[in-house]
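Scroll down for the structure; my scribbles are underneath it.
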Amino acid sequence: MSDPRLTDLLQAVPTLRLKTDAADLEHYGRDWTRRWTPAPLAIALPGTVEEVQAVVRWARQHEVAIVPSGGRTGLSGGAVAANGELVLSLERMNRVLDFDAVDRTLTVQAGIPLQAVHNAAREHGLQYPVDFASRGSCSIGGNIAANAGGIRVIRYGNTREWIAGMKVVTGIGELLDLNRGLLKNSSGYDLRHLMIASEGTLGVVVEATLRLTDPPRPSNVMLLALPSFEVLMEVFAAFRERLQLEAFEFFTDRALHHVLAHGAQPPFSEVHPYYVVTEYESGDEAQEAAAMAAFQACMEHGWVSDGVISQSEVQAAQLWRLREDITESLARYKPYKNDVSVRISAMPAFLQETQALLGEAYPHFDVVWFGHIGDGNLHINVLQPLEMGDEAFIAQCEQVTTLLAGSLQRHAGSISAEHGIGLVKKGYLESTRSRAEIEVMRGIKRVLDPQGILNPGKLFDA
Ligand code: 2HG
Ligand code: ZN
């Protein structure tokens, strides 16, 4: 630890745990994007809010950039430290602090994994309903930083809906206690909502008070095979009309191909071009009849060619696996990721335009489509051909993203639905936010982080 700035840091915060081994710098300096070479100065692992504040004050004094860090499961480069930053990992601050049965809230430290929040809520007979495949590794602080969505947004909304309050350390080192769990609070700007989706550029979230809700009702999972993309939104309408949907997700045969190659069992004997996995409330005969009616209506219209309904929890989990394992099964191809959204009403026109556009732009690439179609959110993963180098591949994908951004602009959509902007989509922010809006964002950043030490270069250049 020869860097004098680090000696000074340990003098200022003697109890601080600090890591500087090459393996740690590599591990904590990257996220799931794997595109940048990690090169942080060191990793700080504070155990208390006071330590976080002291680290931020030190960083101000020495003008060292800080990268707030959770589970680093992000897909937009928001937690990458490739320029000598100090990674501020919340991993040790991972406890449940309080449960309030009257308010139905759970107060947690920011480093707690999402799965541990689910478990804690369940122990109290309630649920925290935000959920997605990386639940075991991602942290609540990271979920807040990205306003994470996932597979149950259609029923419960994004992370934003479930944050009753939070404590945040600003770029000045001040601790803000935002909203304090209140349900009603009409007392001016709601800074809590500014922090959500700010990607660690305005403050370090250290604690959050999460709203909990009733435990999930009995449900069933159905997997549908579809003959074409065009019928997707019709199938969605047929199911939404008749059922209380918990999830409505789609994927293509290419996605299924990779998940099966990764070890899953084929759901049907035949191959179909498109699939939907949907979960819906199904506790009584009327709900079961409604599900059958939705399925039959789709079969009669020729919108669905086959289907299977889960008969047990094990089978439901197997069907979900076909959708949830997609990201992991594609990881070895270093995919270029797009995470776009439009309003549901704009989806049919957007899908038609995008399919034509990507078909022309990527005639020889393996392009894998999947996502939260019920939320108007598509994930488009372009797999890197084995013979192609990283740079040439990314350059080609960036050209196509420019076209995609144009299409999103025409359909009033977003270049990032739920993964954040980070480094990956920084160049395309203006396709979703006006210049005037971005200027306001810059102004807000200057107030909360006047020296620009919090996650600089992410989201936009200050
Ligand atoms: C999902 O919906 C995640 O599974 C990851 O948001 C999406 O890998 C992706 O592109
Ligand atoms: Zn997703």
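The values are calculated or read from the model by the stated rules, or taken from the named source; none is laboratory data. Model, not experiment: these values are computed from the prediction. Every residue, glycine as well, gets a Cβ built from its backbone with ideal geometry; the counts of neighbours run over all protein chains shown.
Of everything in segment 119-157 that's among the aromatic types (F, W, Y) and either crowded, with 22+ Cβ neighbours inside 10 Å or touching a Leu at 6+ places or on another chain (Cβ under 9 Å) (or both), which residue is farthest from K425 (Cα to Cα)?
Among residues in segment 119-157 that are among the aromatic types (F, W, Y) and either crowded, with 22+ Cβ neighbours inside 10 Å or touching a Leu at 6+ places or on another chain (Cβ under 9 Å) (or both), the one farthest from K425 (Cα to Cα) is Y128.
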(message) All but one of (1) within 16 Å of ligand 1 (Cβ to nearest atom); (2) in a loop (DSSP other than H, G, I, E, B); (3) among the aliphatic types (A, V, I, L, M) hold for I380; state the number of the condition that does not hold.
(response) (2)
(message) Could you check segment 170-192 and list, in sequence order, the residues that are at negative phi, loosely packed, with under 13 Cβ neighbours inside 10 Å and among the small types (G, A, S)?
(response) S186, S187
(request) Return yes when L224 is touching a residue at least 60 places away in the same chain (Cβ under 8 Å), buried (at least 23 other Cβ atoms within 10 Å of the Cβ) and either among the small types (G, A, S) or part of a strand (DSSP E or B) (or both) and no when it is not. (result) yes
(message) Among the residues of segment 281-308, what is the count of those that are within 14 Å of P218 (Cα to Cα), buried (at least 18 other Cβ atoms within 10 Å of the Cβ) and aliphatic (A, V, I, L, M)?
(response) 1
(request) Please specify each residue of segment 68-84 satisfying the condition of being in contact with a Leu (Cβ under 7 Å, 6 or more places away or on another chain) and either surrounded by fewer than 24 Cβ atoms within 10 Å (Cβ to Cβ) or within 28 Å of A120 (Cα to Cα) (or both). (result) P68, S69, G70, G84
(request) Determine the pairs where a residue that is closer than 18 Å to E230 by Cα, located within segment 268-285, has a partner that is among the acidic types (D, E) and crowded, with 18+ Cβ neighbours inside 10 Å with Cβ atoms under 6 Å apart, the partner being 6 or more residues away or on another chain. (result) V277/E249
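Given the criteria free of Cβ contacts under 8 Å to residues at least 24 places away in the same chain and not basic (K, R), does P348 qualify? Quick ask: steps written out before the conclusion?
Numbers: free of Cβ contacts under 8 Å to residues at least 24 places away in the same chain: no; not basic (K, R): yes.
So P348 fails the test.
Determine whether P385 is away from ligand 2 (no atom under 16 Å from the Cβ), touching a residue at least 12 places away in the same chain (Cβ under 8 Å) and within 25 Å of the chain's Cα centre (by Cα). Don't jump to the end; show me each part of the working.
Numbers: away from ligand 2 (no atom under 16 Å from the Cβ): yes; touching a residue at least 12 places away in the same chain (Cβ under 8 Å): yes; within 25 Å of the chain's Cα centre (by Cα): no.
So P385 fails the test.
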(request) Starting from segment 77-101, keep only residues that are touching a residue at least 24 places away in the same chain (Cβ under 8 Å) and part of a loop (DSSP other than H, G, I, E, B), then list their pairs with residues that are surrounded by fewer than 18 Cβ atoms within 10 Å (Cβ to Cβ) and hydroxyl-bearing (S, T, Y) whose Cβ atoms are within a distance under 8 Å, requiring at least 6 positions of separation or different chains. (result) A82/T37; M93/T48
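Counting only residues that are assigned to a loop (DSSP other than H, G, I, E, B) and among the acidic types (D, E), which one in segment 416-462 is nearest to the chain's Cα centre (by Cα)? Steps first, answer last, please.
Keep residues of segment 416-462 that are assigned to a loop (DSSP other than H, G, I, E, B), which gives 417-425, 432-434, 449-453, 455-462.
Add one more test, that the residue is among the acidic types (D, E), and what stays is 418, 449, 461.
Values: E418: 5, D449: 24, D461: 22 Å.
Only one residue tops the list, namely E418.
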(request) Kindly establish whether G111 is modelled with pLDDT of 95 or more, in a loop (DSSP other than H, G, I, E, B), within 29 Å of R34 (Cβ to Cβ) and within 16 Å of ligand 2 (Cβ to nearest atom). (result) no
(request) Identify the residue in segment 309-330 that is polar (S, T, N, Q) and within 16 Å of ligand 2 (Cβ to nearest atom) and, among all such residues, is surrounded by the fewest Cβ atoms within 10 Å (Cβ to Cβ). (result) S329
